[in-house]
1. So which of LYS152/LYS225; LYS185/LYS218; LYS138/LYS218; LYS152/LYS218; LYS85/LYS231 end up more than 32 Å apart by C-alpha?
2. Please list LYS76, LYS130, LYS185, LYS231 in order of solvent-accessible area, largest first, computed with a 1.4 Å probe with all protein chains present.
3. Can you give me the distance in nm between label points at VAL207 and TRP50, each placed 7 Å from the Cα along the Cα-to-Cβ direction?
4. Work out from phi, with θ = phi - 60° and the Karplus expression 6.51 cos²θ - 1.76 cosθ + 1.60, the ³J(HN,Hα) of each residue of segment 102-115, listed in order in whole Hz, and give x for Gly and Pro.
5. What is the list of residues in segment 86-107 whose amide nitrogen lies under 16 Å from a point 7 angstrom out from the Cα of VAL135, following Cα to Cβ?
6. Extension gain SER276-ASN63, at 0.36 nm per residue separation less the Cα-Cα distance, in nm?
7. Can you give the three extents of the C-alpha atoms in segment 89-216 along their principal axes, from longest to shortest, in whole Å?
8. When the chain is fully extended, how far beyond the present Cα-Cα distance does LYS91 get from ASP187, taking 0.36 nm per residue of separation?
Amino acid sequence: MWFKSYSMTFACLNWMKNYRLPWTRPYSTSRTTVDSSEVKTFLALAHRWWDEQGVYAPLHSMNDLRVPFIRDNLLKTVANHQPGKPLSGMKILDVGCGGGLLTEPLGRLGASVIGIDPVDENIKTAQHHKSFDPVLDKRIEYRTCSLEEIVKDTVESFDAVIASEVVEHVVDLETFIQCCFQVLKPDGSLFITTINKTQLSYALGIVFSEQIAGIVPKGTHTWEKFVSPEKLESILESNGLSVQTVVGMLYNPFSGYWHWSENTSLNYAAHALKSSLQEHPAPAEFALKGETGELQAEASTNSDVQEELKK
């Protein structure tokens, strides 16, 4: 009987050791989500962002889907909006903004947008391009930095965080999602577009797109970093973000256009909300104490456990 008692006690202690409330865990700027090898790849392409027929043509075309996807879901959260500037009054963070391909359309919809990217040449390209439009020059701000570097100064600052074609390039996805949660206001929206981790995505996303057709440069993607909708949803939910929508996206390399699909085996888009109930979450140490207390109370009222402990 002693062995059974020991096993029960060990299991309980092991559960307590591993238990955590991810969204209450303090963020750490010492942990980076940026892959230095990815930075080198995008540095070499920094001057090509606004070539609509070049390597970033699929991202230009993707705006036909992702801009309305972001706009329409954000408008569900407001009672009234200004015609012509429906996102007026909203503050958006565009993470991994590159040359500003998505940042600018969001600014034109009236939002105040901060675009961040770890590649300085990308930010220089983005700043140069927006300088031609005085309206955008006032609504958009660009910064060379990673997401984790701005968390402390921007806690609960944004109505929306955008990570479009970004999560498949980060080295620590969970830390990245935790940082997204921290900078979002209660009821704020997180929008992600990325690539599923399937055999089909490897065959078409890497072998065909990079090695055969040359739609994107070789080495742009690493299949091991791709993430399935199921895994992404699990990470989002475990970090205080409630998934609202996951929908497939398909790109036709011959027409150059994207369309929505029920099939998520290649690309997909996701929308998640930060619950207002987690506006002031309890510190992790107190949450753990509370859970420990519940376990102790349950053990004290369970005669079977008591008998096992006595033996």
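1. Working: LYS152/LYS225 27 Å; LYS185/LYS218 38 Å; LYS138/LYS218 36 Å; LYS152/LYS218 36 Å; LYS85/LYS231 35 Å.
In this structure, LYS185/LYS218; LYS138/LYS218; LYS152/LYS218; LYS85/LYS231 exceed 32 Å between Cα atoms.
2. Details: LYS76 155, LYS130 20, LYS185 70, LYS231 120 Å².
The ranking, largest first, comes out as LYS76, LYS231, LYS185, LYS130.
3. 3.9 nm
4. Using θ = phi - 60°, the values come out as 9, 4, 5, x, 5, x, 5, 7, x, 6, 8, 10, 10, x Hz.
5. It comes to 86-90, 103-107, nothing else.
6. Values: separation 213, 0.36 × 213 = 76.68 nm, distance 2.94 nm.
Result: 73.7 nm gained on full extension.
7. Ordered largest first, segment 89-216 gives principal extents of 43, 34, 24 Å.
8. Working: separation 96, 0.36 × 96 = 34.56 nm, distance 1.31 nm.
Between LYS91 and ASP187, full extension yields 33.2 nm more.
The values are calculated or read from the model by the stated rules, or taken from the named source; none is laboratory data. These figures come from a predicted structure and were not determined experimentally. Methodologically, a virtual Cβ is constructed for each residue, glycine included, from the backbone with ideal geometry; neighbour enumeration extends over all protein chains shown. Areas reflect the complete protein model, heavy atoms only, side chains present, ligands, DNA and RNA absent. Shrake-Rupley method; radii C 1.70, N 1.55, O 1.52, S 1.80 Å.
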